[in-house]
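The structure appears right after this line, and notes come after that.
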Amino acid sequence: MSTLFGRRILLRPIVAADFSAWREVRRRNVDWLTKWEAQRVQGQPDIVEDRDAFAVRCSARQRERQLGTGYGYGIFVDGELAGEINLTAVQRGPFQSAYVGYWIDEKHAGNGYMPEALIVLSQFAFDELHLHRIQISIIPRNAASRRVVEKLGIRDEGVAKRYLEINGIWEDHIRYAITVEEWEHRRDGLLRDWIG
């Protein structure tokens, strides 16, 4: 199990034993989060309410890690689950790229935990996995998520029309990205400012 450390946060894979904490945070944040997420596929078990479905999700994430295709992390603040950040769809070959998705408990929003988590994950993606590029796609009206990338000065690559189906609607997304060249140029300052 790979654990990553920030200044105030810890990133580690979510495991089946985290179910109660996961359920509590997700239930409490249902209105805060579901408007930004894909709908659950009809007939599939609910990972928020079904312990076995949650365990299967954890196993799938572990398998992705073993295959090198994805790296999912819980964000923990003072030992408490505060959100998630995931590096997904890792592509090798000439692409050397991946996508980042994240969410945070509303009670922890606005404290700078997510920008810190994104810098920790970026350091892992570029310095450990040797990726060339990571992309974060955000619905234009999701001001809180956009603030995360804007605080970090991550490059806006423009709008992808009807990019992802979110909560039953094909939504436009602003694509933000950073390449290894940009990371190498900015690494020291970002680490100093966010990791310490």
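We did not get these values from a lab; they are worked out from the coordinates using the rules stated. For clarity, every value in this text was computed on a predicted model and none was experimentally measured. Glycine also receives a Cβ, built like all others from the backbone with ideal geometry; neighbour counts cover every protein chain displayed.
Extension gain for ASP188 to LYS151 (0.36 nm times residue separation, less C-alpha to C-alpha distance): 11.7 nm.
Stretching ALA38 away from ARG141 to a fully extended chain increases their span by 35.5 nm, per 0.36 nm per residue minus the current alpha-carbon distance.
Taking region 1-105, which GluC sites (Glu not before Pro) meet the DSSP loop condition and have no more than 15 other C-beta atoms within 10 Å? Can you show the working numbers first?
On the way: sites: GLU24, GLU37, GLU49, GLU64, GLU80, GLU84; in loops: GLU37, GLU49.
Answer in residue order: GLU37, GLU49.
When the convex hull of its Cα atoms is viewed from all sides, region 106-196 shows a mean projected area of 6.5 nm². Could you point to the residue in VAL180, ASN86, GLY168 farthest towards the positive end of the chain's charge dipole, with +1 and -1 charges on the Cβ of Lys/Arg and Asp/Glu respectively? Checked the options; the winner is GLY168.
On full extension of the chain, what length is gained from LYS107 through ARG12, given 0.36 nm per residue of separation minus the C-alpha to C-alpha distance? Show your work: numbers first, answer last.
Values: separation 95, 0.36 × 95 = 34.20 nm, distance 2.01 nm.
That pair, LYS107 and ARG12, stretches by 32.2 nm at full extension.
Here is how the number arises for the chain: DSSP H runs of 4 or more residues each give -39500 (n - 2.57), the sum is divided by the residue count, and the result at 222 nm is -10500 deg cm²/dmol.
The Cα-based radius of gyration of region 47-88, divided by its Kirkwood radius, gives an Rg/Rh of 1.01.
What's the Kirkwood radius of the chain in Å, using all Cα pairs? If you can, show how the numbers build up before the last one.
Values: mean 1/r = 0.0580 Å⁻¹.
Taking the inverse mean of 1/r over all distinct Cα pairs, the chain comes out at 17.2 Å.
Reducing region 1-32 and region 141-188 to their Cα centroids gives an inter-centroid distance of 22 Å. Annotation for ARG162 and ASP127: the two label points, set 7 Å from Cα along the Cα-Cβ direction, are 4.3 nm apart.
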